[in-house]
1. What translational diffusion coefficient, in µm²/s and rounded to a whole number, does the Stokes-Einstein relation yield for the range B:353-414 at 20 °C and a viscosity of 1.002 mPa s, taking the hydrodynamic radius as the Kirkwood radius over Cα pairs?
2. Spelling out what I want: for every residue of the range A:620-631, take phi, set θ = phi - 60°, compute 6.51 cos²θ - 1.76 cosθ + 1.60 (Karplus), and round to whole Hz; glycine and proline get x.
3. Under the Karplus relation 6.51 cos²θ - 1.76 cosθ + 1.60, θ = phi - 60°, what is the ordered set of whole-Hz ³J(HN,Hα) values for the range A:146-159, x standing for Gly and Pro?
4. Would you order A:ILE319, B:ILE38, A:ILE617 from fewest to most other beta-carbon atoms within 10 Å of each residue's own beta-carbon?
5. Over the alpha-carbon set of the range A:1-76, work out the extent along each principal axis and list the three values in angstrom, largest first.
6. Averaged over A:160-168, how many beta carbons belonging to a partner chain fall within 10 Å of each residue's beta carbon?
7. Identify all lysines with a Cα-Cα distance to A:LYS308 below 17 Å; exclude those on the same chain that are fewer than 8 residues away in sequence.
8. Using the Kirkwood formula on the Cα atoms of the protein assembly as shown, what hydrodynamic radius do you get, in angstrom to one decimal?
Amino acid sequence: MRDLLFLIPLSPFAGFLVLVLAGGRLPRMAVALVGCGSVGIAALLALLIGCRFVADPPEGHFLRQELGSWIEVGGLNASFGLYLDALSLVMMLVVAVVGFLIHLYSSEFMDQEEGYSRFFAYMNLFVGFMLTLVLADNLLLLLLGWEGVGLCSYLLIGFWYKDPANGYAARKAFVVTRVGDTAMILGVFLLFYSFGTLDIGEILYLAPRSWELGSTTALAAAALLLGGAVGKSAQLPLQTWLPDAMAGPTPVSALIHAATMVTAGVYLIARTHVLFELAPGVMRLVAAIGAATLMLAAFSALTQRDIKRVLAYSTISQIGYMFLALGVGAWSAAMFHFVTHAFFKALLFLGAGVVIQALQHEHDMFKMGGLRKELPLTFATFVIGAASLAALPLVTAGFYSKELILTSVWASGRGGPWLWGAGVLGAFLTAVYSSRMVLLAFLGEPHWAAISRRPGSRMLGVLAVLAIGSLFAGLLQTPHLLGNITIFSNFMEQALPAARLAQEALWSETLLQTVATGAVLLGVFVAYVLHVRAPRWRETVAGSALGSGLDRLWLTGWAFDWFYDKAFVQPFTRLARLNRRDVVDRIFAGIALLMRASHHGLARTQTGSLRWYAMGIGAGTVVIIAIILYL
Amino acid sequence: MTLLWMIAVLVLGGLLAGIGDRMSPRLARWIALGALGIDLILGIGLCGEYARWTSSDAGGRWLEEIRWEWIPSAGIAFHLGVDGLSLPLILLTIFLGIMAVIASWNGITERVGFFHFNLLWVLSGILGVFVALDLFLFFFCWELMLVPMYFLIAIWGHEHRIYAAIKFFLFTQGSGLLMLVAILGLYFSHGGQTGDYTFAYSALLETDLSGAAALWLMLGFFVAFAVKLPAFPFHPWLADAHTEAPTAGSVVLAGLLLKTGAYGLIRFVIPIFGETALDFAPVAMALGVIGILYGATLAFAQTDLKRLIAYSSISHMGFVLLGVFAWNLLALQGVVMQMICHGISTGALFILAGELQDRIHTREMDRMGGLWTKVPRTAGVGLFFALASLGLPGLGNFVAEFLILLGSFRASVIFTALAACGLVAAVVYALWMVQRVFHGEERESWKLPDFAFREMGMMSVLIAAIVWLGLHPQPVFNAVKSALETLQHDAAAEPLSARWRESSAVVPDLLRGSAAPPMSR
């Protein structure tokens, strides 16, 4: 069974090949079968291998599989090698299983679209690259997966290619993440020259033995890798591409821009955690980026009208929590939030997809409302997802993972009250915008004419499964007061070190959790007041000068786009346009022009008049004699 | 003898194609294809021989060597030889030559015989450049490439073909003269030192050069190769020549002619001038980096599809210049890879642009757009090669650029960091091209047929080649390795290396004997 590990990434790739080569000629049924089936096989194998891994742990708690050599030149040796340990196992399971569910949902969601087989081909390619990314045993193969998922993100954001706006969003995503990737590639070079290998295991083994804590090289390497992580995971300052990425079909947003690809940065940092621990300065930076991002994005989510943009900002914000956890060394807390987030955010996106399709591709929440009765099951699952996002206490998975992060941030030597406070403020804001989203979309008065399409069994089934995950995945890890289950962190500690936490008394931990829970409940209450009890208050605030200013600022994501446009995009395009005809070419053309001018000038002296020639000869003779005499 | 046959077949094939046209144009095409087919078989045979040779450990530098006296009194010989560096380039020449013939199958209808005569003679000149071991013969072949290429552009080119052809001619001819002067300078200084007046490569390698004279001679060679490459600021000929040339001309120009510049730098400039050339490395690498960024910026601004592809070549060749002067094995392996992959991917893009132009009679991207719906196969192929061009991992161009950057990182961190910005710029122009040609709304209602059997056949082979080079490049690395090491040895000079490492000295000791340790423990 373990020998079949290679089939997990290979099966989606095979699906991609079939769809690319024959997709146009296959009936839709067959396309769906190939598209879902190839990922289904991967998910099934992942589950089987995962169970086996847990039940009968391999020696050293990791598996390796070599599939052949790739590049072997001048000391560089990179192979197609897979590496499975607790960390990559969790990633692999989420990618394969959630990926399969989303494929299943898409087979119905997309069935009236042109380019059905193109869609599944790209989706399969994505899953293949993503599984390569998480299973890679060396940085070069990881980079292959890393860029590959970026490519698929580009292709799928721009899936509806006829609208230039979609193409713009797609290119923006690719370019912005490539900025981070460039830093990451330089980090990879630095690691190669420091350790003579790209094998992740060897690097992590050698790093503490040759680098001193906080040495410049360690700081540089970690910071460069962080560049890649920040780009992929849409954290400050490279977060601007994600809200625009919502131009893609909704299942794409669920799979790529919520559950899997955008968490690749979290995975990268966790995977190379040894390097980050050697660079305390960069660790602090990770935590600071996480805290700042989670707050800024949450504020932005408050004011969006487009339901998918709310979810996009909330994704940025939730990944901010993961970065915060990584930054304080709470590795397994970050991964735990990754798991629960994958469930509830995929659920929310897919629920939003149902709503959008029901209302003729309407994204504006203010034009929804009152859908509770029309789409009861979707409503129920959406509420579960939103509750889990808001971390509603006790009953939701999001509560347990977010509490774990907050508690770890407080108690970790690298954390502290400030970062904790940022997290609690974020939790409050999350509760506000999650509730706002449910209230606007599903409750209140309907602002639409008719339901154009209702979800079928495949879409609803997937929602139900994800809802179950969003409720119960949290029970893998609970706080001391609530049973102190530590299945998840125990498992993760096979691969990642335990968080070094100060031993807090039970009462203080409980107090912290009560405060955080209070913030969440307060957030729900505030949203309820502003949107149901007294909408006039909201209008008054929004109408004031400060209110409308903040509204605009938050709506545009703190004007990052404006700034980047002015600082980078416009100067570059201006310069490029200005130099379209290549100034160097103009210089050479100038030389040619000069030649031609002197040719014309000299040709003019050829008049055919003997007097002129005689004078020329005479003058020339005088000049030459003068030169000879005086020099 | 295989080498000689390969060149002779092309020369004779060219003449026959010229005559065959009198009977039927189709005959000329088939003769050209046949000649290249024979060469392909010979080339594959050469590969087999090479594999046996390397495994047998027979020693010696050249797999095949032919040496006939030509003008003994002046020390000129007809001297050919092939090693691991020439071999892949020979194969690339034949491979792209075949593609060029097939690509012109329907597009070229006038003076078909003369066209194929020129095409085959350019190719034979290029083959000669890759295998000549006598500098006089090398220069002869260098010039042999030039004239037929001039005709290809000037007769079968597009609107501004005369301007482009003359510009191409002047740039390459002018720089070629500088090289001739440098060759003669080298010849006389070697003769003066040893009393042995010869143009033989192996002898001139031993020339003891230093000081200002060495620098000037080196610059003579460098400029000639930099013009061909082309390196900033010698690039202006390229955009016009590539754009105005017929498809086959563009393929040969971008795919092969540019590579002769890179080949010259690796084969002659650094091995012969060693220390002098590597002292010059910072300047050359800076020119490489400028080329990468400048070419990408220019590519982004273009509205003419072929011009965009042409300028992207400047960017990609900047990587070559950077890697050559980093002069370590990683970078050089990357350079050879880049030469091959750029030849294939850019060749494919030019074929694509040519096929599009044959169908809609414009190269203006402002008039395209939304073609994906009309011609999905063409669009898919275009997307693929745009991705190859921007260096997507899994495709050959990534392997090449990764190795070049990795190698030059050792030589200079700053230059590498700047060059890496070119990776971002490549995404910008490549995707912008895809957007304007295939995506978006259709701007004019074109009626055009999608790629059919002939086009898809070509493209499938090119795609397979790029994927193969991306996933299994090892055969190329193995083939080139010993040749590159010999050249490094010839240069007998230390390449640049950055002094940034803190503790790397301990690494090799640690690595020895440490079998794959578990992660994170």
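Since every read-out is calculated from the coordinates, none of them should be taken as a lab result. Because the structure is a prediction, the values reported are computed rather than measured. Note: ideal-geometry Cβ built from the backbone for every residue, glycine included; neighbour counts use all protein chains shown.
1. On the way: Rh = 14.1 Å.
Reported coefficient: 152 µm²/s.
2. These are the phi-based 3J(HN,Hα) values: x, 4, 4, 4, 5, 4, 4, 4, 5, 6, 9, 10 Hz.
3. 4, 6, x, 5, x, 4, 5, 4, 4, 5, 7, 4, x, 4
4. On the way: A:ILE319 31, B:ILE38 16, A:ILE617 10.
Ascending Cβ contact count within 10 Å gives the list A:ILE617, B:ILE38, A:ILE319.
5. The Cα atoms of the range A:1-76 stretch 47, 42, 12 Å along the principal axes, largest first.
6. On the way: counts 1, 10, 8, 3, 7, 1, 3, 8, 2.
Counting other chains' Cβ atoms within 10 Å and averaging over A:160-168 gives 5.
7. The reachable lysines, counting only those whose Cα sits under 17 Å from A:LYS308, are A:LYS345, A:LYS367.
8. Details: mean 1/r = 0.0314 Å⁻¹.
That comes to 31.9 Å for the protein assembly as shown.
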